[in-house]
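> Let me begin by handing over the structure; questions about it come next.
Just so it is clear, none of the values below were taken in a lab; they were calculated from the coordinates. Quick caveat, the model's predicted, so the values are computed rather than measured. Methodologically, a virtual Cβ is constructed for each residue, glycine included, from the backbone with ideal geometry; neighbour enumeration extends over all protein chains shown.
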Amino acid sequence: MDFLPIAWVCRAGFYKSTVGNMECSKCPPHSFSHHEGSLHCGCERNYFRAEGDPASMACTRPPSAPRNVISSINETSVILDWSWPEDSGGRRDATFNVLCKRCRGEAANGTSGGNLRCEPCRSKVHFLPRATGLHNTTVTVGDLLAHTNYTFEIEALNGVSSLAPKMRQYAAVTITTNQAAPSPVTVIRKEKTSRNSVSLSWQQPERPNGIILDYEIKYYEKEEQETSYTILRARGCNVTLNGLKPSTAYLLQIRARTAAGYGASSPSFQFETSPDSAFSISSESSQVVLIAISSAVAIILLTVLLYVLIGRFCCHSKSKHPDEKRLHFGNSHMRLPGIRTYVDPHTYEDPSQAVHEFAKELDASCIAIDKVVGAGEFGEVCSGRLKMPSKKEICVAIKTLKGGYTDKQRRDFLAEASIMGQFDHPNIIRLEGVVTRSKPVMIVTEYMENGSLDSFLRKHDAQFTVIQLVGMLRGIASGMKYLSDMGYVHRDLAARNILVNSNLVCKVSDFGLSRVLEDDPEAAYTTRGGKIPIRWTAPEAIAYRKFTSASDAWSYGIVLWEVMSYGERPYWEMSNQDVIKAVEEGYRLPPPMDCPATLYQLMLDCWQKERNNRPKFEEIVSILDKLIRNPGCLKITANTTSRPANLLLDRSSSEIPALDTLGDWMDGMRTLPCKEAFSGVSYSSCDTLAKTSTEDLKKVGVTIVGPQKNIVSSLKALDSYTKNGPVPV
């Protein structure tokens, strides 16, 4: 301890860092001086000063561990989000490091325990924005392996953490990645070329993400620009293409398929066939050649005819594919092979045949029912456990068919299993099997801990980051893209029909419902599961029963609005008849509070009146992926953009009527069911009207939260309109 000369001595508990006729200073928090004449104060036990901290600064310590780590898994990537440490250590320079470990063994998602043996992740794992020195509390980790356990340790650091390594703390979370499609084939080699054929080989994708079932080889003449192409399927990493034209350039792409579906196509690979050889024949030999060619053509035609007849005869039977299957398409708009096509179980004469073809029959003794969690039209919905021989016990949801059912009720009940059993995707609810050979008849699916998305969001209002919400939306869009690719139209996409598991993975559910158009506009459509409100349904589906993937895209826009508003009811308390009329006239839902402008624009794109102008689910997935990679795009909210987002109206500025009076404005707010509450309320000007608060609205009877928010927003926009004129859209 350094001391000052006696003339300038400071007593214990005080210090003076320089010699001179200066006052002594009291030791800052968590520091001390036990002797007189101290130049500085020492730090208490487990408290430190970083190099560069002034003597007047309190001693500090490392922060506590981050809190509330949440993981959102999307195939082979995960979004990690956490809260700031409860104790910052007295400093404001905290940063975060994320350590990735690949583990072997068994562990449940979201836990940090289990019988795991872990090692550092490979260097190809990608962190966005980075793994160390993070100032924000979220990070995206990509390029993980499929079906693999990972543990992530999140450590909080500050300026004195390096001085106390034993005091450093971290939070850990263990996750298991989902099944994912394989990465693209990158290495293709030409082995042998002739005038009419070429032999190729390639290397397996760097990340197969599972067992590769087969490869799809697509090739076409370079000059044809993909207007006419041929597709082969091969089980191995080599193929011979026959029937090519001599001296012709071709382009080729290869993609691999696993149980999760096809991966991305390889870059285009170009090859050329050998030139045609010059030869001449005599007139006599030419006749022999013509006869031979004619015979060959006749044989080929007979073979093709026989193939078509056999194909039609066997179209409903299940058969194994040969190692290679050639399919030729006249244009690029026809459905590609490899992606399975949905088969309507109602086309089977015997519905039980569809159930046994697409769903696994389970032994009732393998199922243990724990408790009843709900009730449906057909019977009870329960949670329970499924223990198959030589497999780990898993939690499941069980739908039962109540006693006394008719044959039609049994068929309707099992139709959902026949549909669900055809799907295999991480964002589609997974069917474990059915019980049909004993009573009660049961449908067994994976168990989703957090239940339906709408109630889950209402329960956790404003508790998630925008990135977490976008991750949920991306999962729903990915599942819908899969259904669209299979040719299945959901027709009842809504947040109530999305289920959420413990890792915030959203999965599309509720299949097999039929809709019948009724005269009653309040019912609109009925299903075997009850009435469906029309506020999720596209206009052409309401008017003409035109259900397509485009009408599903409209419904997705409503789901997007539900998610960003944390489960608010679309159109609030408007009647179904008013919703139909308003939408037909061009009205659209306003952006939810603090909704990013990019997401609101996506909603409006989904709500295009012309169905061909709505984005396809493949485009929606791509848009959401870009937003996840560039979270800065989500910082601009729709409420602060130039569009008049307060109105439930999606028109150009030329279509917005002049708002000369308060009455005109109220007439324009016809989609808000509580405008009558303003009758008899006097306002001296739009300026005073714009100062209306939610408390004022409660006093005049507007108690619904959704309309409250939007009326206040609309009043402010009206004030801006009267002062500055219309805002260009």
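> Could you check the spin-label model distance between Glu223 and Ala292? Points 7 Å from the Cα along Cα→Cβ, value in nm.
2.8
> So what is the relative contact order of segment 1-59, in percent, for Cα pairs below 8 Å that sit 6 or more residues apart?
Numbers: 116 pairs, mean separation 20.6, N = 59.
Reported as a whole number, the value is 35 percent.
> Which value in nm describes the separation of the simple spin-label points at Asn46 and Lys546, placed 7 Å from the Cα toward the beta carbon?
Taking the two extended label points, one gets 7.0 nm.
> Do any of Lys192/Lys245; Lys391/Lys439; Lys101/Lys124; Lys391/Lys507; Lys190/Lys218 go past 18 Å between their Cα atoms, and which?
Working: Lys192/Lys245 15 Å; Lys391/Lys439 24 Å; Lys101/Lys124 13 Å; Lys391/Lys507 24 Å; Lys190/Lys218 15 Å.
Long pairs (Cα-Cα over 18 Å): Lys391/Lys439; Lys391/Lys507.
> Arranged from highest to lowest average of other beta-carbon atoms within 10 Å per residue, in what order do the peptides 585-597, 383-395, 161-173, 613-625 appear? Don't jump to the answer; show the numbers that get you there.
Details: 585-597: 20.6, 383-395: 12.2, 161-173: 15.5, 613-625: 18.2.
My ranking of the peptides, most packed first, is 585-597, 613-625, 161-173, 383-395.
> Let me ask something else about it. May I ask you to derive the FRET efficiency for Asp407 and Thr248 from their Cβ-Cβ distance with R0 = 60 Å, giving the value to the nearest 0.05? Let's see the in-between values first.
Details: r = 60 Å, r/R0 = 0.99.
For R0 = 60 Å, the calculated efficiency reads 0.50.
> Which entries in Lys360/Lys616; Lys459/Lys626; Lys481/Lys546 show an alpha-carbon gap greater than 27 Å?
Numbers: Lys360/Lys616 32 Å; Lys459/Lys626 29 Å; Lys481/Lys546 19 Å.
Violating the 27 Å limit, Cα to Cα: Lys360/Lys616; Lys459/Lys626.
> Can you tell me the FRET efficiency between Thr341 and Gln577 if r is taken as the Cβ-Cβ distance and R0 is 25 Å, rounded to the nearest 0.05?
On the way: r = 38 Å, r/R0 = 1.52.
Computed FRET efficiency for Thr341 and Gln577: 0.10.
> Still on this model: Order these by the 10 Å Cβ neighbour count, fewest first: Asp407, Asp143, Asp214. It would help to have the intermediate numbers written out before the result.
Working: Asp407 8, Asp143 14, Asp214 19.
Lowest count first: Asp407, Asp143, Asp214.
> Set the Förster radius R0 to 60 Å, insert the Cβ-Cβ distance between Lys635 and Glu119 as r into 1/(1 + (r/R0)^6), and round the FRET efficiency to 0.05. Present the calculation step by step, with values, prior to reporting the outcome.
Numbers: r = 37 Å, r/R0 = 0.62.
The value I calculate is 0.95.
> Quote the charge dipole size of segment 345-446 about the Cα centre in Debye, to the nearest 20; the model charges only the Cβ of Lys and Arg (+1) and of Asp and Glu (-1). Don't skip to the end; give the middle numbers.
Values: 14 positive and 15 negative charges, 75 e Å.
Dipole size: approximately 360 debye.
> Starting with the highest mean, order 567-575, 47-55, 497-505 by the number of other Cβ atoms within 10 Å, averaged over the residues of each peptide.
On the way: 567-575: 17.8, 47-55: 14.9, 497-505: 21.3.
Going from most to least packed, we get 497-505, 567-575, 47-55.
> Give the order of Ser509, Ser228 when sorted by the count of other beta carbons within 10 angstrom, beginning with the fewest.
Working: Ser509 23, Ser228 13.
In order of increasing Cβ crowding within 10 Å: Ser228, Ser509.
> Which length gain, in nm to one decimal place, applies between Gln601 and Thr193 when the Cα-Cα distance is subtracted from 0.36 nm times their residue separation?
Numbers: separation 408, 0.36 × 408 = 146.88 nm, distance 5.16 nm.
Taking Gln601 through Thr193 to full extension adds about 141.7 nm, to one decimal.
> Going by average Cβ neighbours within 10 Å, how do the peptides 194-203, 553-562, 123-132 rank, with the highest at the top? Please report the intermediate quantities before stating the final value.
Working: 194-203: 16.1, 553-562: 24.8, 123-132: 13.5.
Order by mean packing, descending: 553-562, 194-203, 123-132.
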